[in-house]
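*Asks:* Sending over a structure as C-alpha cells; questions will come in a sec.
The values are calculated or read from the model by the stated rules, or taken from the named source; none is laboratory data. Keep in mind the model is a prediction, meaning the values are calculated, not measured. With ideal geometry, Cβ positions are generated from the backbone for all residues, glycine too; neighbour counts draw on all protein chains shown. Please note that ligands, DNA and RNA were not included when accessible areas were found on the heavy atoms of the full protein model with its side chains. Shrake-Rupley method; radii C 1.70, N 1.55, O 1.52, S 1.80 Å.
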Amino acid sequence: MIYQNRDEHLYVKVTKNNNYHAHMHRQVEIFYVLDGAIEMMISGQRQLLEKGMVSIAFPNAAHETCTPERSSAVMIIFDHTFLPDFSVEFNTQTPKNPFLTSLSDADRFSFVIHGLLESTKNTDSRISKGYLYLITAMLLSQVPLAKLENPYASDGICQDIANYLNQHFTEALSLARLADALGYSKYHISHIFSEKFGCSYSDYLKRLRLEHAMGLLTHSGLSTTEICFASGFSSLRSFYRAFHEIYGASPGTLTR
C-alpha cells in the first residue's frame, strides 16, 4: 500500500478498466461508474460497483480498484481544502459505508457529474468548483458518517513518512532511523503503518523499492544486479525473493 503525494486541487477524468493497487492520499476520491463494473475496496470494505453507483474515499483512507472484465468510470480527486465548507466532515469524520449503490436522485446526479466533466474544459475553475460542491453535497446527504476517534492525529505523520521514504528508500533504512529522522518513537511509527497504511514498515519499504526496480527494468538498460542495488536491496537473493513474491516472476524475464 503506497501513500501518494498529489499536488493538484482537482483532477477529473474518465478512466477505462481501472486497476490500481492499494494506496492512500490526503485528497478525497470519488468514483462514479458509467458502464461495466468495478470492484472497490475502501478502508477494508469491498463493493462491486455497477452503472450509476458511487464510492467516496475520505482523506487518508486506504483504497484500491479492480476491474473484473471492463469498466468506464468518472474519477474525481480533489483536495479537501478546495471545498472549505466541507472541511469539518473530511477532517473529523469517516463514512460508515463509503458506497452508494442507489442514489436518491440518480438523473440529477448524472447531470451534475457530466457538467463537471464538461467544466474542466473551461479555464475558470470556479465553474468546476460549483459542480463539485453540488456533487459533494448530494453524496454526503446520503452517506452516514461516524466521528473519528483522533481527528488530525495521524494525517501529518502519514505525509511525513511518505515524503521521507520517497527520498530515502534506496538507502539502508531501519524503522529506528526513520523514527529518529521524524522525531517519533519507532513504536508509534509502527502503529501508524498498521493502522493507516495497512501493512508493516518492511512491507511498505519493499513495495517502494520494487516499484522503482520495475521502472528501471522496463525503461533502463541497467543489468539486474545494478537495478537490485540501485533500488535499495542489500543482495540479489533478497531482490529476487521479493520480486517473485509480489510479481510472481523473475526480474530477469523483463531485462531480456
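*Asks:* Exactly one condition in (1) in a helix (DSSP H, G or I); (2) loosely packed, with under 15 Cβ neighbours inside 10 Å; (3) not small (Gly, Ala, Ser) is false for Ile127; which is it?
*Replies:* For Ile127, the failing item is (2).
*Asks:* Which residues, counting only those in the range 233-255, are open to solvent by less than 20 Å² (accessible area, probe 1.4 Å) and modelled with pLDDT under 90?
*Replies:* Pro251, Gly252
*Asks:* So is Tyr164 part of a helix (DSSP H, G or I), at pLDDT 95 or above and not hydrophobic (A, V, I, L, M, F, W, C) or not?
*Replies:* So Tyr164 fails the test.
*Asks:* Would you say Asp79 is surrounded by fewer than 19 Cβ atoms within 10 Å (Cβ to Cβ), touching a His at 6+ places or on another chain (Cβ under 7 Å), on the phi < 0 side of the Ramachandran plot and not basic (Lys, Arg)? Spell out the reasoning first.
*Replies:* On the way: surrounded by fewer than 19 Cβ atoms within 10 Å (Cβ to Cβ): yes; touching a His at 6+ places or on another chain (Cβ under 7 Å): yes; on the phi < 0 side of the Ramachandran plot: yes; not basic (Lys, Arg): yes.
Yes; evaluated as a whole, the condition is true for this residue.
*Asks:* Would you check if Leu182 is in contact with an Asp or Glu (Cβ under 8 Å, 6 or more places away or on another chain) and farther than 29 Å from Tyr32 by Cα?
*Replies:* Numbers: in contact with an Asp or Glu (Cβ under 8 Å, 6 or more places away or on another chain): yes; farther than 29 Å from Tyr32 by Cα: yes.
Spelling it out, Leu182 is indeed in contact with an Asp or Glu (Cβ under 8 Å, 6 or more places away or on another chain) and farther than 29 Å from Tyr32 by Cα.
*Asks:* Looking only at residues in the range 97-122 that are among the hydrophobic types (A, V, I, L, M, F, W, C) and free of Cβ contacts under 8 Å to residues at least 40 places away in the same chain, which one is most open to solvent (accessible area, probe 1.4 Å)?
*Replies:* Looking at residues that are among the hydrophobic types (A, V, I, L, M, F, W, C) and free of Cβ contacts under 8 Å to residues at least 40 places away in the same chain, I get Phe111.
*Asks:* Another question about this same structure. Taking the range 167-204 as the region of interest, how many residues are open to solvent by 70 Å² or more (accessible area, probe 1.4 Å), under 22 Å from His21 (Cβ atoms) and assigned to a loop (DSSP other than H, G, I, E, B)?
*Replies:* 0
*Asks:* Hey, another quick one. Glu226: without any contact (Cβ under 8 Å) to a residue 40 or more places away in the chain, among the acidic types (Asp, Glu) and more than 21 Å from Ser202 (Cβ to Cβ), yes or no? First the steps, then the outcome.
*Replies:* Values: without any contact (Cβ under 8 Å) to a residue 40 or more places away in the chain: yes; among the acidic types (Asp, Glu): yes; more than 21 Å from Ser202 (Cβ to Cβ): yes.
In short, yes.
*Asks:* Would a scan of the range 148-156 turn up a residue that is modelled with pLDDT of 90 or more and of a type outside the set (Val, Ile, Thr)? Lay out the reasoning, then the answer.
*Replies:* To start, the set of residues in the range 148-156 that are modelled with pLDDT of 90 or more comprises none.
There is no residue in the range 148-156 that is modelled with pLDDT of 90 or more and of a type outside the set (Val, Ile, Thr).
*Asks:* Same structure, new question: If we keep just the residues of the range 215-232 that are out of contact with any Lys or Arg (no Cβ under 6 Å at 6 or more places or on another chain) and outside any helix (DSSP H, G or I), which is surrounded by the fewest Cβ atoms within 10 Å (Cβ to Cβ)? Full working, then the answer.
*Replies:* Quick first cut of the range 215-232, residues out of contact with any Lys or Arg (no Cβ under 6 Å at 6 or more places or on another chain) only: 215-230.
Checking the rest, the ones that are also outside any helix (DSSP H, G or I) come to 220-223.
Working: Ser220: 12, Gly221: 7, Leu222: 15, Ser223: 10.
Once the filter is applied, the top-ranked residue is Gly221.
*Asks:* Can you give me the number of residues within the range 30-46 that are in contact (Cβ under 8 Å) with a residue 40 or more places away in the chain, farther than 16 Å from Ser72 by Cα and outside any loop (DSSP other than H, G, I, E, B)?
*Replies:* 2
*Asks:* Can you name the residue in the range 26-57 that is open to solvent by less than 10 Å² (accessible area, probe 1.4 Å) and in contact with a helix residue (DSSP H, G or I) (Cβ under 6 Å, 6 or more places away or on another chain) and is also nearest to Gly156 (Cα to Cα) among such residues?
*Replies:* Among residues in the range 26-57 that are open to solvent by less than 10 Å² (accessible area, probe 1.4 Å) and in contact with a helix residue (DSSP H, G or I) (Cβ under 6 Å, 6 or more places away or on another chain), the one nearest to Gly156 (Cα to Cα) is Val28.
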